Amino acid sequence: MLDKKVAELINTQINKEFYSAYLYLDFSNYFIETGLEGYASWFKIQAQEERDHALLFMQYMQNNGEKVTFEAVEKPEFEFKKPGDPLQATLEHEQYVTGLIHTIYEAAYSVKDFRTMQFLDWFVKEQGEEEKNAEDMIKKYKLFGEDPKGLYLIDSEMAARVYTAPSLVL
């Protein structure tokens, strides 16, 4: 059995991951509306990743005999003026999620729950990648995105992303 606080934090994280999926689907909708289908595709794939993260946390809870409780998924509330805005929001959101993962890790560490810490190691690494991806998108947008031709090329690059399911063994 998991420590009660650790289990509660993981259950909260499941719901936060589903929110992340909704958030990135909302960003995808924004990019569809602006005609940037490459970015839209990139964010749809990101939503799939976030959903899979929720499922991984869910499976971990179930493997440890814990009940998973789903909460209502909050509606994303963003209004953007330019394509760079959701990119900045993505970085801020990923930094927030990193903080959530660290909080779970700290709680597991405090009760010497090494199995949960080992499980979380993958997510710690993943969050580093997520933040770097967001930072790279912002840099490219700032360098080239204000120019319509540059934005077209970046959008084409974003369209090349393919979905790869996480390979975390529980």
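The values are calculated or read from the model by the stated rules, or taken from the named source; none is laboratory data. Everything numeric in this text was worked out from a predicted model, so none of it was measured. Neighbour counts run over all protein chains shown; Cβ positions are idealised from the backbone, glycine included. Just so you know, the surface numbers come from the protein's heavy atoms only, side chains and all, with ligands and any DNA or RNA stripped out. Shrake-Rupley method; radii C 1.70, N 1.55, O 1.52, S 1.80 Å.
Table for the structure above
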item: Mean separation of Cα contacts under 8 Å, 6 or more apart, over the residue count of the chain: relative contact order %; result: 32
item: Karplus 3J(HN,Hα) series, Hz, for the stretch 157-167 with 6.51 cos²θ - 1.76 cosθ + 1.60 (x for Gly, Pro); result: 5, 5, 5, 7, 5, 10, 7, 10, 5, x, 10
item: The stretch 75-93 and the stretch 44-65: distance between their alpha carbon centers, rounded to Å; result: 23
item: Those GluC sites (Glu not before Pro) in the stretch 1-95 that DSSP places in a loop and that have at most 11 other beta carbons within 10 Å; result: Glu77, Glu79
item: Computed FRET value (nearest 0.05) for Asp3 with Asp136, which takes r as the C-beta separation and R₀ as 35 Å; result: 0.45
item: Using θ = phi - 60° and Karplus 6.51 cos²θ - 1.76 cosθ + 1.60, couplings along the stretch 7-16 (whole Hz; Gly, Pro as x); result: 4, 4, 5, 5, 4, 4, 5, 4, 5, 5
item: Area of Ser156 that stays accessible when all protein chains are in place (1.4 Å probe, Å², to 10); result: 60
item: Overall Cα dimensions of the stretch 46-130 - principal axes, largest extent first, Å; result: 46, 25, 19
item: Value of [θ]222 nm, deg cm²/dmol, for the chain, DSSP H segments ≥ 4, -39500 (n - 2.57) each, nearest 500; result: -26000 deg cm²/dmol
item: The chain - percent of accessible surface contributed by carbon and sulfur, probe 1.4 Å; result: 54
item: Lys/Arg +1, Asp/Glu -1 at C-beta; the chain dipole; positive extreme among Tyr141, Tyr109, Leu55; result: Tyr109
item: Spherically averaged projected area in nm², based on the convex hull that wraps the Cα atoms of the chain; result: 9.5
item: Net dipole in debye of the stretch 1-147 [+1 Lys, Arg Cβ; -1 Asp, Glu Cβ; about Cα centre; nearest 20]; result: 320
